[in-house]
1. If the reach is capped at under 22 angstrom between alpha carbons, list the lysines near B:Lys316, excluding any in the same chain fewer than eight residues apart.
2. Using the 2.2 N^0.38 Å rule of thumb for compact globular proteins, work out how chain B stacks up: its C-alpha Rg over that value, please.
3. Taking all pairs of distinct Cα atoms, average 1/r, flip it, and tell me the Kirkwood hydrodynamic radius of region B:135-290 in Å to one decimal place.
4. Can you check how the C-alpha radius of gyration of region B:173-229 compares to 2.2 N^0.38 Å, as a plain ratio?
5. So which residue of B has the beta-carbon closest to the axis that swings B onto A, and how many whole Å away?
6. Would you mind giving the mean number of other chain beta-carbons within 10 Å of the Cβ of each residue in A:62-75, as a whole number?
7. Can you list, shortest first and in nm, the gaps between the label point of A:Glu70 and those of its counterparts in the other copies, using a point 7 Å from Cα in the C-beta direction?
8. What translational diffusion coefficient, to the nearest whole µm²/s, does region B:52-177 have by Stokes-Einstein, given a Kirkwood radius computed over alpha-carbon pairs, a temperature of 25 °C and 0.890 mPa s viscosity?
Number of protein chains: 2
Amino acid sequence: MTIPPSPQQPDVSVERAAAAAPVPPTERFAARTSGMVASEIRALFAVASRPEVVSLAGGMPNLAALPLDELSGEIGDLVAREGQVALQYGSAQGVPALRAQICDVMREEGIEADPNDVVVTVGSQMALDLVTRLFCDPGDVVLAEGPSYVGALGSFAAYQARVVHVAMDEHGLVPELLEEALRSLTARGVTPKFLYTIPNFHNPAGVTMAVERRQRVLDLCAEYGVGVVEDNPYGLLGFSSTRYPALRSLDRSVIYLGSFSKTFASGLRVGWALVPPAVRDRLVLAAESATLCPPSFTQMVVSRYLEKHDWRAQVKAYTEQYRERRDAMLSALDTYLPEGCTWTVPDGGFYVWVTLPEGVDAKAMLPRAVTARVAYASGTGFYADGLGSRQLRLSYCYPTPERITEGVRRLAGVIEAELEVRRTFGLPAAPAPELRRGSHTPSPDTA
Amino acid sequence: MTIPPSPQQPDVSVERAAAAAPVPPTERFAARTSGMVASEIRALFAVASRPEVVSLAGGMPNLAALPLDELSGEIGDLVAREGQVALQYGSAQGVPALRAQICDVMREEGIEADPNDVVVTVGSQMALDLVTRLFCDPGDVVLAEGPSYVGALGSFAAYQARVVHVAMDEHGLVPELLEEALRSLTARGVTPKFLYTIPNFHNPAGVTMAVERRQRVLDLCAEYGVGVVEDNPYGLLGFSSTRYPALRSLDRSVIYLGSFSKTFASGLRVGWALVPPAVRDRLVLAAESATLCPPSFTQMVVSRYLEKHDWRAQVKAYTEQYRERRDAMLSALDTYLPEGCTWTVPDGGFYVWVTLPEGVDAKAMLPRAVTARVAYASGTGFYADGLGSRQLRLSYCYPTPERITEGVRRLAGVIEAELEVRRTFGLPAAPAPELRRGSHTPSPDTA
């Protein structure tokens, strides 16, 4: 395990400015901006959005199952009857009725919470950004699964936190590796600010933290004095009957992030944080300085939706749709992907994490894939430390099963062509013996 | 002029954590949180929201003039026809059609802009927060009018920037005082990162930067290598025929912040930044890490509103309503306020800034005012440096003219009682000779 170097610190002495004269005022950026880089996925969206390309890259939920006519009537009625409130500033913490309903939603995963401890945010991304703002000084260490959510890595970079990855296997975060990281950091005098984890249906790894590992992970963090931030946007989108208790349901000190982006509608940007009381007041202040208050209108749309619609049935409809797509993807991977490829088998959520045969670079291969009319997210974007070059994320959330199958078929062709080139030039093409086709290890090169 | 001390810097050495063991993980906050304090206005909102209290404290626009039935139909139609887009993730920079329309809106104030340089944000508060994120390292100096918008001070504090106030008179920011501040800072080796200014219908001061001062302010900032951030939420809400050109219309390097909160509906939280190309890409990245993207839905509501409604007529209706309320407030101030009080005469926007007779402390008086069923925002909240104790902000945006008159009458009674106490105890009660009742100096104690 390596800790990234500390970020360059701004020189706060008043003498500083003398030397900076030639830089135009609009380019005298803060030191933290040096960590801001466009994600590979983002650069990719433009190319991959051409209709002839099957995009397995994005994480857009498929909203086809939404009853737009009913929603249209409800939302119109909301504007007519409650417009004076819905179109007005609201509380920085969020609409009280919605905060109570959010507690009902979280109860589905075993969480008992007080609406006073819920802070509504503009998507859970904002909650994550503000939690990082509250806790991370430049140079602070954050633990995160490797790979991890690209948007989290972006927020950590924006606050100049250093990310130390802990690897997963097919049962999620490996407690022994977490303990090793904690021990090693402690020996160097570093207490990470928190462990950032996506226990359920991981983005991008597609694996889920085994139930029996959850208490162990919490115990380890408690033992080493490290907080836990649980990001759970996909928790209700499980394909099997297995119930995964939220970490927050086992430990009230966990900071829990939730979202309606995947269970209702991402374009409303309504998410939340459930935090211990010691954190709440500061989080509300941070939220106030970030946006004054979240939009009353979108919150009241979600609140009315939860009140008037059978939202559990809607989640079930979404889940069925994603399960069908997941099946199509796994079947196509099994049919088309060449020897030496491995992938995870998600039990919920949106993603499959694929490891390519040794010597094939997913990022270098991407332009050729797009030429072959298939797009994916290459693995390095999901690591803060340059790992993941042999990996890629495939998402099955948006395209139809037929498109998914066709996309995987095209991807297989591109990988075959890469392997062919390697054979032609005498490069090692055989898979490493420990890599079995279809095995479920998310990132063997980080274990 | 004094520069506040540099913020305490986090110690980024890896040895640090050893001493921090006893603090629970959820309380190991970043250094920047020490600057986060609840605004006086915020603490006040809860008390002042009782119906018997006339609140002259808040800045809520009065939405009574909005045609809710029409909007209800339009928004319902939007969901039915374009719900698959409106309820889906969108671009981090904002909906393209809306960015083009925003350029039309800005053209009203003489700004020529390219939609590619517009970044839509969750209210202009988010734009302000992100601009501060992009430019301010801890300890950096920001120039701001004294007094200044409390939400700006909150964002500057969140990024540990130091605020140096420059005083205004009845014609807004005083160029000579700006020059003095720039010269003094330069002599100490400090180049402020930017001047944050609200040129039109200032919050809280109620004054407007004279047209003939605008180029001078821009020239001074250019001469000293200091950027300009122009915050203009009230620009279209002017009461007279005077046209104030936006600073951005005079200088393309100005970072311009705009909002639909006061010209359409605050509860949608749709604002924007217009920035030079060198800033744009970084701003989009920062926005992405803050919220991924602004809500597609609220942006499309605004876009459709601008397309289908006569939004200029709506702005005119709002303006008429605010002018009537402004007149009621000025008339009541003139009728009721005791000798020794002075106030500004706003030519637009929401606010009047009142200076109390010497020896009367607006913050200390507030609980007695609320007991007398009137609320205001005391002046110290609008300064980063503790000034403003004799000042208070009155807003006329929300209550009816009758309520405004009654509120000012109550306020006058509270001030009279304060003066009576001072006379009883032999404290100086007479106004200082330079303070004339009704004169238009926003903050004489800061000049």
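What follows draws every value from the coordinates through simple rules; no lab data is involved. Note that the structure is a prediction, hence the values are computed from the model and not measured. Cβ sites come from the backbone with ideal geometry, for glycine too, and all protein chains shown count toward neighbours.
1. Within the straight-line cut-off, B:Lys316 pairs with B:Lys262, B:Lys308.
2. Numbers: Rg = 22.5 Å, N = 447, 2.2 N^0.38 = 22.4 Å.
This ratio for chain B stands at 1.01.
3. On the way: mean 1/r = 0.0620 Å⁻¹.
After inverting the pairwise mean of 1/r, the radius is 16.1 Å.
4. Values: Rg = 11.5 Å, N = 57, 2.2 N^0.38 = 10.2 Å.
Computed over Cα atoms of region B:173-229, the ratio equals 1.12.
5. It is B:Gly76, 1, counting Cβ atoms only.
6. Values: counts 2, 6, 1, 0, 5, 1, 8, 4, 2, 5, 8, 3, 2, 10.
If you average over the peptide's residues, the count of other-chain Cβ atoms is 4.
7. 3.2
8. On the way: Rh = 18.6 Å.
After rounding, the answer is 132 µm²/s.
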